[in-house]
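Data block below; observations after.
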Amino acid sequence: MQVKQTINTYKKKYNELGFVKIPGLVSKNEIENIKKDIKVISAYLLKKNYKHLHLTKDNRVNTIHNLNKLKINFYLKSFSKKKKILSVINKILNTKKSSLRNLEFFLKPKKTGASAPFHQDNYYWNVKNSEALNVWIACSQSNKNNGGLCYYAKSHRNGILSHEISYAKGTSQKIKDKILKKLKYKKIFPSLKPGDCLIHHPQIIHGSGRNKSNKDRTGVVMSFKKKSAKYDHKKIKLYKKKMNINFKILKKTN
Ligand SMILES: O=C(O)CCC(=O)C(=O)O
């Protein structure tokens with residue numbers, strides 16, 4: 001009963017703000033296992049020259065995307081199936097069944113960790129009715145000082161804004177600066193300890209600054225959708241076309 005009430009409170013907050021912080025959802029032991037994944041998989045994919053791995057300017061791993069597609073077993077894959085995770089996600093998504101759509105590392109090492117320009121996830125994903133979410137797990141402290149996430153509170157309520165090529169490694173699109181400047185939402189920088197999680201709506205405007213501090217800001221993301229949710233394939237096709245044009249522009253400018 002107590003647990004049910006707590007999950008309801010999280011869901012209310014998520015619906016109101018577009019994100020919710022869940023303290024201590026992941027245990028110390030589980031964080032240690034995820035950190036082992038980060039070490040082993042980063043080294044493995046570096047060797048393989050994995051195309052979804054992006055480095056900082058001093059050649060440390062900054063982000064790795066599409067880890068769910070790897071044909072190897074690792075802890076985070078099985079962790080994403082745990083009941084304590086799925087019960088919160090299913091409650092928030094109003095469903096009995098959800099499916100994993102992506103796993104990512106956002107490692108942002110000290111001193112040179114790169115920024116993630118402000119964006120809305122569903123601009124990339126194109127899940128119909130935005131029936132999806134991201135779970136961001138802190139494996140280190142994460143806050144405004146070391147490039148922690150920043151949310152535009154309640155911005156999930158107003159649809160998807162226009163995006164443009166971002167030029168930031170590991171990200172493709174960002175909301176245009178001139179649009180961002182005009183927005184009146186309150187900016188919130190949640191402070192997290194290892195094991196705390198953020199769950200955010202696919203339409204919330206969010207991003208993070210560079211990590212100029214002396215502390216790594218290590219996060220991993222599990223991305224879920226309602227199992228029955230469909231992708232908007234027309235929009236995905238348009239997005240891919242835009243990405244191809246962007247890729248050609250980037251190649252020319254580099
Ligand atoms: O970890 C970051 O800095 C960015 C994460 C992000 O954009 C996301 O979880 O959707």
### Ranked list, fewest to most other Cβ atoms within 10 Å of each Cβ, for ILE72, ILE137, ILE31
ILE72, ILE31, ILE137
### Task
State to the nearest 20 debye the size of the charge dipole of the chain about its Cα centre, where the only charges are +1 on K and R beta carbons and -1 on D and E beta carbons.
520
### Message
Show me, for the stretch 41-57, the HN-Hα J-couplings you get by feeding each phi into the Karplus relation (A = 6.51, B = -1.76, C = 1.60, θ = phi - 60°), rounded to Hz, glycine and proline as x.
### Response
5, 4, 4, 4, 6, 4, 4, 7, 6, 4, 6, 9, 9, 10, 9, 7, 5
#### Entry: Whole-number D in µm² s⁻¹ for the chain, Kirkwood Cα-pair radius fed into Stokes-Einstein, 37 °C, 0.692 mPa s
176
### Summary
Exposure-ranked with fewest Cβ neighbours within 10 Å first, THR56, THR112, THR218 stand as THR112, THR56, THR218
## Note on the structure
The exposure ranking of MET222, MET243, fewest beta-carbon neighbours within 10 Å first, is MET243, MET222
### Message
Please compute the length gained on full extension between ASP177 and LYS237, using 0.36 nm multiplied by the number of residues separating them and subtracting their Cα-Cα distance.
### Response
19.1 nm
### Query
Among the trypsin sites (Lys or Arg not before Pro) within the stretch 1-73, which fall in a DSSP loop and have no more than 13 other Cβ atoms within 10 Å of their own Cβ?
LYS51, LYS57, LYS71
### Task
Show me 198-206, 125-133 ranked by packing, highest mean number of other Cβ atoms within 10 Å first.
198-206, 125-133
### Query
For ILE72 and LYS154, what is the calculated FRET efficiency with R₀ set at 30 Å and r taken between the beta-carbons, to the nearest 0.05?
0.15
#### Entry: Global size of the stretch 67-126 as Cα Rg and Dmax, reported in angstrom
14.7, 43
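Read the figures in this text as sums done on the coordinates, not as results from a lab. None of these values were measured; they are calculated from a predicted model. Reconstructed Cβ throughout: ideal geometry from the backbone, glycine too, with neighbour counts over all protein chains shown.
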